[in-house]
């Protein structure tokens, strides 16, 4: 190969990686700035609100909490008890038993004295067949409705709940998530605090409950996870929710609401066909659809984001399960980007087309691929004796230092804003995680993304996988 051409090609690669790095640094710095501004604005705006007025008002809007359940027999009774103890008047808990093969349904029937009720169902029902609808004769359990249906997956279960609900808003959550007692008060306030725009969806921060003390469906003590794998995920969630999504919410360009805690205007959600049952990234895809629907119909709208700690969930502590989860996330990301590819740099969709979609394309999808193949390129260049060591060391050190600084800022901003972890030892542990994460944990995330993209691009069939939950610690 001509040495002049090779040198030119290498210089070109150096320029490409340098520009890509500068753009990412700029985006993440802007993200930190907008997230900080949004957090301060949110705290100032909500410092004088009295949420108890919403709770006590019989005119408060109606909400249905939809919780799909599949083989949740070990914890289903306690999880429902927690959901029915929320501080709100006009809400319903709808548990959709999605063809569980264990004793999930039997335990619900026994614990809440459920009986089957007659309800007319559309003969052209688009979801998996419903086997029965259950209610309780006891006033204490009047908010509970249980739908028993054939297995169709999480999206199908959520669509069933949306269709059978008659309330104005629907909350789509994981049944094993722990909601704070005042969660619905914050959600309703978010739906009604806008005048000039219609709020079509509300999302929020997901906190990690591994090793926390939970008793009677209530969070008794916040503890740092004992598992190092969970600690790295806690750091990752802090960056993603406290900085990332907070920043996108600030510029009204949020494209994803976590499936563990998402609330929607039921009318708009049904208008776009509900959740897509043919994707594993349904939580991102429905937000894309709802935003497109409002844009296409020229209706002023927004998506709100709540930074308060309202939802706690358990994350994988097993490496194989974690890789399967991130594999699924990357497949869902690619599926959604493919389905809505006409939004890419499309000025018709404003900031969504010109900023949000390109970010998800270049950073969430393309960046892990560049990292993966970049590693082999470096090895190849080293073997060929053409590696520019000065440039390589300089850009690697710069990226590493910046990523650590960004993580440290996320930790310190979380302490300043919400202060969930008050022990000095816990904060020092998280800071240590920030230092070693780029070397220890990040490669796992990159590999999972590559595996998911490989499966999707080569049409290798793979479903949701499973997560074996250890359960929360009990108060002693």
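Laboratory data are not the source of any read-out in this text; all were calculated from the coordinates shown. Since we're looking at a predicted model, the values are computed, not measured. Note that we place each Cβ from the backbone using ideal geometry, even for glycine, and neighbour counts take in every protein chain shown.
Odds and ends about this structure:
- Extension gain (nm, one decimal) between residue 124 and residue 71, 0.36 nm per residue minus Cα-Cα: 16.3 nm
- Segments 332-339, 153-160 sorted - mean Cβ within 10 Å per residue, highest first: 153-160, 332-339
- Among 59, 105, sorting on how many other beta-carbon atoms sit within 10 Å of each Cβ, with the fewest leading, yields 59, 105.
- The distance linking the stretch 338-415 with the stretch 101-148 is 47 Å (Cα centroid to Cα centroid, whole angstrom).
- Sequence-distant contacts, meaning Cα pairs under 8 Å at least 6 residues apart, place the relative contact order of the stretch 49-318 at 23 percent.
- Entry note: the stretch 49-318 has Rg to Rh equal to 0.94, where both radii use alpha-carbon atoms and Rh is the Kirkwood radius.
- The ranking of 401, 395 by Cβ neighbour count inside 10 Å, starting from the fewest, reads 401, 395.
- Rough spin-label spacing in nm, given labels placed 7 Å along Cα→Cβ, for residue 227 and residue 117: 3.8
- Degrees, to the nearest 10: 424-440 long Cα axis against longest axis of the chain: 50
- Residue 454/residue 33 FRET efficiency (R0 45 Å; Cβ-Cβ; nearest 0.05): 0.80
- Counting DSSP beta bridges with both ends in the chain, the antiparallel % (nearest 5): 45
- Acute angle (nearest 10 degrees) that the helix 442-457 long axis makes with the longest principal axis of the chain, alpha-carbon atoms: 80
- Dividing the radius of gyration of the alpha carbons in the chain by their Kirkwood radius gives 0.98 for Rg/Rh.
- Residue order for 330, 39, 142, fewest other beta carbons within 10 angstrom first, comes to 142, 39, 330.
- On Cα atoms only, tilt of 228-237 relative to the major axis of the chain in degrees: 90
- Förster radius 30 Å - calculated FRET efficiency between residue 395 and residue 415, Cβ distance, rounded to 0.05: 0.45
- Quarter of Cα convex hull surface for the stretch 48-206, i.e. mean projection, nm²: 10.3
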